[in-house]
Each structure stands twice: as C-alpha cells, then as structure tokens.
1. Per DSSP H run of at least 4 residues, take -39500 (n - 2.57); add these up for the chain, divide by its residues and hand me the 222 nm value, nearest 500 deg cm²/dmol.
2. Out of residues 5 or more away from Asp36 or on other chains, whose amide H comes under 5 Å of its own, with H placed 1.01 Å from N in the peptide plane?
3. Counting only DSSP beta bridges with both residues in the chain, tell me the antiparallel percent, nearest 5.
4. Less than 13 Å Cβ to Cβ from Asp176, Lys/Arg counted +1 and Asp/Glu -1: what total charge do the surrounding residues give?
5. Residues with amide H under 5 Å of Trp104's amide H, sequence separation 5 or more or different chain, H placed in the peptide plane at 1.01 Å from N; which?
6. Highest mean first, what order results for 71-84, 33-46, 11-24, 51-64 on Cβ atoms within 10 Å?
7. Count the lysine pairs in segment 3-173 whose Cα atoms lie under 16 Å apart, taking only pairs 8 or more positions apart in sequence or on different chains.
8. Return one number: the angle in degrees, 0 to 90 and rounded to the nearest 10, between the long axis of the Cα atoms of helix 49-73 and the longest principal axis of the Cα atoms of the chain.
Amino acid sequence: MGYRLKKTVVLVGMMGAGKSSVGRTLAEILEAPFRDSDAEIEQAANMTVAEIFTRDGETFFRAKEAQVISRLLDETPSILSTGGGAYMQAGNREEIHDKGVAVWLDADLDLLWTRVKHRDSRPLLRTPNPRATLSEIYRKRTPVYAKAELQVKADASFSLHQMAKRVVGALLTRPDVLEKT
C-alpha cells in the first residue's frame, strides 16, 4: 500500500515539537520529498539561523523565511518543516492554507522544555531565564497554531515512527491532501 500526496504538508508548532525529525520520518512513509525552510534559508545565506538573527535581526529573517516558504509551496508536493515562528506571520498562514495544509504538532510545554533545554541553537532562548522565555513564547503562539487545519498531539512516549503514523492518520481525513493507492 502506498500513498499519493496531493498538496504540501506544512508542519507547524513550537521549537522542539519535532517538525524536522517527524517530518523526515513522515516523508519516508509517504515516499515524498522532505524540505526544511530553516535549512533552505541557511543554505542560501551560508549562515545559521542564529547567525542571521544576530547579524540581520528577526525582521530580516522573517522576510527571507516568507520568500522561501512561498517558493517551496510552489514546488512538487512535499513535507515541509518550518521554523517555530513561521506560522505566526499572517501572510505565511494564508499562503500555506491556499497552497498546502498546515499540521500543528502540538507538544506540551514540559515536553518542549525537555527537548530544547540543552541546545544552544535556539536564538530566541538566549535569555537569562530560557524556561520562562519558552513559556511566554508558548503562551503567545499556541492560539495561532490552533488555526492549523489539522492538529496532532505529541506524546513523549511516542517514537518518531508512531508520531509520523499519527500524522498520516490525520492527513487521511483530508482526501484533497492524501490518499491511499
């Protein structure tokens, strides 16, 4: 049994929700290309996201991010992992809704903290109290993530494959996005 992906699946959610790792596994299951908007930006700029934030600021980064997401949505249907802030931009949400489908990987704050607390690659968490910063970002962003067409609850006990299969189940509720072949 295989699948036919008709639209790009855009994984949205907080840093640490698993957008990249679940996205890669999902792409393998669906035999679809995997793309990561942050990786595409880093490749084009020849800098890390953190370096872009430091050198050019968040506003510049968000403009480049919107350009990359728009370009990727126009390509062959794929699994697209986005940065945690990408879906916060109204223009990105509209474009994702028009050209693809947003899937919110909904992880609770404790799970997110467990996953990001030892990583230095998160520029927004370079604060005196990163746990409080993460909590504030979570509070602000979750109502916006809730606007995604599909929501898949993350569970700390799930393997990547189990989480990806949960996403497949959600996608199969949308025949305009995914069908079994």
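1. Numbers: 7 runs with 92 residues, N = 181.
Result for the chain: -16000 deg cm²/dmol, rounded to the nearest 500.
2. Amide H neighbours of Asp36, under 5 Å, 5+ apart: Ser81.
3. On the way: 3 of 18 bridges.
Of all bridge pairs located within the chain, approximately 15 percent are antiparallel.
4. Details: positive: Arg4, Lys6, Lys7, Lys99, Arg174; negative: Asp98, Glu149, Glu179.
Value of the local net charge: +2.
5. Val12, Leu150, Gln151, Val152
6. Values: 71-84: 19.9, 33-46: 16.6, 11-24: 23.6, 51-64: 13.9.
Order by mean packing, descending: 11-24, 71-84, 33-46, 51-64.
7. Values: Lys6/Lys99; Lys7/Lys99; Lys19/Lys153; Lys19/Lys165; Lys99/Lys147; Lys153/Lys165.
Lysine pair count for segment 3-173: 6.
8. Roughly 20 degrees, rounded to the nearest 10.
Throughout, read-outs are computed from the coordinates displayed, never taken from laboratory work. These numbers were taken from a predicted model, which means no experiment stands behind them. Cβ atoms come from the backbone with ideal geometry, glycine included; neighbour counts cover every protein chain shown.
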